[in-house]
Amino acid sequence: MTRSHLTLVVSNDVPCPESVSGLGQKSLAKVLDAYRLRVELPDRWSAYVADRFGSYEVAATFFGVTGQTAWNWFEGLNRPSADKMLMAQLSDPQGYRAAFIDPYLVDPAPLREVA
């Protein structure tokens, strides 16, 4: 019985210049607190839709979801799907940024650059 295997072929004939394009970039993990985002999103979304739409019926109509889904959002029981987040972002850029982007950015001043 023969086993197939993978062979890696490397050519050292072509020089690889030092890349400087990565200078000045920051690691995303140091800029975004992903765990906090996941934990807080249902409550943050609840506050956002309640403030922006006033009732779950209006939110349900705007987003094209059932009344039950909108009610779950108002109660902070569920997070929205990506398309609903995008609808909110496109229809209310400043409100969306204030509610969902700015609170999760870490102060960039103490970050060191990753080369």
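The values are calculated or read from the model by the stated rules, or taken from the named source; none is laboratory data. These figures come from a predicted structure and were not determined experimentally. Glycine also receives a Cβ, built like all others from the backbone with ideal geometry; neighbour counts cover every protein chain displayed.
Can you name the residue in the range 59-112 that is part of a loop (DSSP other than H, G, I, E, B) and β-branched (V, I, T) and, of all such residues, is modelled with the lowest pLDDT?
As a first pass, look at the range 59-112 and keep what is part of a loop (DSSP other than H, G, I, E, B): 64-66, 75-81, 92, 106-112.
Now narrow it down to the ones that are β-branched (V, I, T): 65-66, 106.
Values: V65: 97, T66: 96, V106: 65.
Once the filter is applied, the top-ranked residue is V106.
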Query raised in the report: Hey, P17 hits all of (1) assigned to a loop (DSSP other than H, G, I, E, B); (2) at pLDDT 70 or above but one; which does it fall short on?
Result: (2)
Report task. Can you give me the number of residues within the range 80-103 that are loosely packed, with under 13 Cβ neighbours inside 10 Å and within 12 Å of W45 (Cβ to Cβ)? Result -> 1
